[in-house]
Amino acid sequence: MLRNRTFRPLLASASLVLLSGPAFALDGADLVSKLNASYAASGFTVGYANADVAGSTITLKGVNVKSSDGKTAQIGDVTLDGVKEDGEGGYTIDTVAFPDINQTENDTTIVANDLQLTGVAIPAGEPDNTLDSLLMYESASAGSVTLSEKGKQVFSLSGIEANVTPMDNDAGIEFDATVSDINADLSQVEDPKAKDTIQKLGIQSLKGEVTVKGSWELASGKVTLDEYAFDFANLGRLNLSLGLSGYTPDFIKGMQDAMKASQDNPNKEEANAALGMSMMGLVQQLTFNNASISFEDASLTKKLLEIAGAEQGVSGDQMAQSLKGLVPLMMAQLNMPELQNQVSQALTTYLDDPKNLTITAEPEKPVPFPMIMGAAMGAPNTIPQVLGVTVTANE
């Protein structure tokens, strides 16, 4: 089975790629200083042994990233092409290329290729409330990634690509990402219960992709996650979406400051209590706009019903009929009659002909988080009305 420590080198480099990690400049010391100033709130510090300069190309030797908890990830040599000063004390870099990964530990081998960033911009000063002051990149990508156990490949993907595009007047950013051609060999699963379920499903491998799409407006802190989808062949497509406001640069800084103060406090009990209070205060700045979760079936539902029915000594169709009666009875205990009726109707429609099932929360007006918390504590049965929850099937 996989071990967490095996992933450390991969996660270290992936963090740099996906979070617009280290980029450097002609004056290595100045660039790293500005990089760390703009990246400091994240709790990471970039270091390197030395820098080789050849025109506008910089090769940083022995790059490492140290986290606020004292752990250090060794990255290796990082090459920067097209390094320029931006005229305002910051730097731009055409391409940042990270070393390939090929590491084996305890019979587990990870190989990852072509990790890079393009269009990197390092600001001159610490972040404020403008896009120009943030550490940015235009695209981040990785080539093929494979994972092998005892010489047998158990997981692979053909590539990862993420793009960030500024909005008009630098009001915010739009972003998207794709993890392509995921292939997981389920025949190597060792857990007996999981292995038994996989065999009953008749699925020996998972094949699919993950896609993400959204936007972030700085002034209002409006975050819109339009798509966070997991699409797997012969199973189905699960998509999540979310919209909230108040997630401004000031909110992010407040959250990071609270976490840093907690980490710096040697009294962990006191630190956790203070962090909880700080987070409670920060959450009050957020507003809920909408959310949804949807599933488009591609034969998974029927298979699960057959498996669940077999365990009860009935057919899949009989299991579906049992669920139609059981779920409304369970929901009746929640004292949410309107939602209960919606769920009952949607479930009946879906189980008769599994196509798609969607749960949506979309209030008429955005709802402040304190109002949601108050309803949850004082009258939890009103939550569906507060959030505008609806449940539909096959629409």
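The values are calculated or read from the model by the stated rules, or taken from the named source; none is laboratory data. Remember, it's a predicted structure, so these values are computed and weren't measured experimentally. Note that each Cβ is placed from the backbone with ideal geometry, even for glycine, and that neighbours are counted across all protein chains shown. Protein only, heavy atoms only, side chains kept; ligands, DNA and RNA dropped before computing areas. Shrake-Rupley method; radii C 1.70, N 1.55, O 1.52, S 1.80 Å.
Across the options Gly87, Leu206, Phe251, the greatest Cα extent toward the positive end of the charge dipole of the chain (unit charges at beta carbon of Lys, Arg, Asp, Glu) belongs to Leu206. Against the chain, whose longest principal axis comes from its Cα atoms, helix 8-18 is set at around 80 degrees.
Shown here for segment 106-191: GluC sites (Glu not before Pro) in loop regions (DSSP other than H, G, I, E, B) with at most 13 other Cβ atoms within 10 Å, namely Glu190. Calculate, in whole percent, how much of the Cα-Cα pair population of segment 312-386 lies beyond 14 Å. For segment 312-386, the share of Cα pairs beyond 14 Å comes to 69 percent. Of the residues Gly313, Gln285, Pro363, the one whose Cα sits farthest towards the positive end of the charge dipole of the chain is Gly313 (charges of +1 on Lys and Arg Cβ, -1 on Asp and Glu Cβ, taken about the Cα centre). Quick one, what does Rg over Rh come out to for segment 162-217 if you take C-alpha atoms and the Kirkwood Rh? Across segment 162-217, the Cα-based Rg/Rh ratio is 1.33. Taking the inverse of the mean reciprocal distance over all distinct Cα pairs, the Kirkwood hydrodynamic radius of segment 96-235 comes to 17.8 Å.
Over the chain, dividing the summed -39,500 (n - 2.57) contributions of all DSSP H runs of at least 4 residues by the number of residues returns a 222 nm mean residue ellipticity of -10000 deg cm²/dmol. The reciprocal of the average 1/r between distinct C-alpha atoms defines the Kirkwood hydrodynamic radius, which for the chain equals 24.4 Å.
Relative contact order, percent, of segment 325-390 when contacts are C-alpha pairs under 8 Å separated by at least 6 residues?
Computed value for segment 325-390: 36 percent relative contact order.
When nucleic acids and ligands are ignored and a 1.4 Å probe is applied, Leu235 ends up with an accessible area of around 20 Å².
For the chain, the fraction of 1.4 Å probe accessible surface lying on carbon and sulfur atoms is 54 percent. All other residues whose Cβ lies under 15 angstrom from that of Gly87 are scored, Lys and Arg at +1 and Asp and Glu at -1, for a net of -4. For segment 203-232, the list of GluC sites (Glu not before Pro) that fall in a loop by DSSP and count at most 11 other C-beta atoms within 10 angstrom is empty. Between the alpha-carbon centres of segment 210-237 and segment 53-94 there is a gap of 30 Å. The trypsin sites (Lys or Arg not before Pro) found in segment 112-210 that occupy coil by DSSP, while having at most 15 further C-beta atoms within 10 Å, are Lys150. Please tell me the relative contact order of the chain in percent, rounded to the nearest whole number, where contacts are Cα pairs under 8 Å and at least six residues apart. Value for the chain: 9 percent. Residues of segment 374-395 falling in the label zone of Ala332, defined by backbone nitrogen less than 20 Å from a point 7 Å along Cα to beta-carbon, are 381-382.
The separation of segment 293-344 from segment 121-168, counted between C-alpha centres, amounts to 40 Å.
Taking Cα centre as origin and charging only the Cβ of basic (Lys, Arg, +1) and acidic (Asp, Glu, -1) residues, the dipole magnitude of the chain rounds to 1280 debye.
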